[in-house]
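The values are calculated or read from the model by the stated rules, or taken from the named source; none is laboratory data. Just so it is clear, the structure is predicted and the values come from calculations on it, not from any experiment. For neighbour counting, all protein chains shown are included, and Cβ atoms are generated from backbone atoms with ideal geometry for every residue, glycine included. Side chains included, ligands, DNA and RNA excluded: accessible areas come from the protein's heavy atoms. Shrake-Rupley method; radii C 1.70, N 1.55, O 1.52, S 1.80 Å.
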Amino acid sequence: MLIDILTLFAEMFTGVCGGSILKRAQEKGLLEIHLTDIRQYARDKHRSVDDSPYGGGAGMVMMCEPVFAAVEDVQRRRGPFDEVILLTPQGRRLDQPLVRQLAQHRRLMLLAGRYEGFDERIREHLATMEISIGDYVLSGGELAAMVLADAVARLLPGVLGDDQSSEEDSFSAGLLEYPHYTRPADFRGWKVPDVLLSGNHQQVQQWRQQQALRRTQQRRPDLLG
Ligand code: 9D3
């Protein structure tokens, strides 16, 4: 998969893209991430990428010209994209079904905004999709783009080892995780549940399923539908 990210803060991505799952996916040749600095495409001598809103009001708006120029230049050089995704607070909320859908594509373009938001014509005539990562206020779309890229990358075939590709593990699908323990069996008097030390695989499975279900009922009843 190819993910092109257009941003005013490309340097924010260096740590994340150079580590963890995104690094592994790129090293294995399963993912390519390209970063483009939108400011490169500013036309005036001040390299402006934002301007004050028509109609007045506080804040600044991302301008059409540099954003269209950046997207069109990347498309010209690398060919067409399956989706041009605007990261905005007004977008469709990212969830695992949407992540799975995005992971089917070959090429994604992510547009991370700053300031109050994008000129509406970017949303209408350039983007094919708008995505939010949740109902809280970020300072820009960059962190949202990284969240999306990480979630998509780990679903690409071959990125995770076999033992980790357990997302669809039959009994845990759609439930919160059961409690995990590792050595020691007694830490400051807090003991690991006996069943986990019993060696009885069937009882272990049963206990985990029960715990996952109880935990989901208590914390995230919405997941049970
Ligand atoms: C305080 C400013 N808000 C006025 C009501 C609007 C606003 C504009 C721009 C709020 C946040 C942002 C920057 N956020 C994003 O670009 C963003 C975002 C987010 O804030 N939350 C969840 N997902 C996303 S995706 C992009």
- Task: Hey, could you check segment 133-154 for residues that are closer than 12 Å to A103 by Cβ and surrounded by 18 or more Cβ atoms within 10 Å (Cβ to Cβ) and say which is farthest from the ligand (Cβ to nearest atom)?
- Result: R154
- Q101 vs (1) more than 15 Å from the ligand (Cβ to nearest atom); (2) open to solvent by less than 10 Å² (accessible area, probe 1.4 Å): all pass except (2)
- If you take the residues of segment 42-94 that are aliphatic (A, V, I, L, M), within 15 Å of the ligand (Cβ to nearest atom) and not in a loop (DSSP other than H, G, I, E, B), which of them is most open to solvent (accessible area, probe 1.4 Å)? V61
- Message: With the requirement that a residue be within 13 Å of the ligand (Cβ to nearest atom) and open to solvent by less than 20 Å² (accessible area, probe 1.4 Å), what does segment 105-116 give you?
- Response: L110, L111, A112, G113
- Task: Identify all residues within segment 112-136 that are farther than 12 Å from I85 by Cα and within 16 Å of the chain's Cα centre (by Cα); write none if there are none.
- Result: I133, G134, D135, Y136
- Note on the structure: Filtering helices (runs of 4 or more DSSP H) wholly in segment 126-225 for at least 1 residues that are under 21 Å from L31 (Cα atoms) and not aliphatic (A, V, I, L, M) gives 142-153
- Does any residue in segment 96-120 that is farther than 12 Å from L148 by Cα come within less than 6 Å, Cβ to Cβ, of a residue that is away from the ligand (no atom under 14 Å from the Cβ) and assigned to a helix (DSSP H, G or I) six or more places away or on a different chain, and which pairs are these? D119/C64
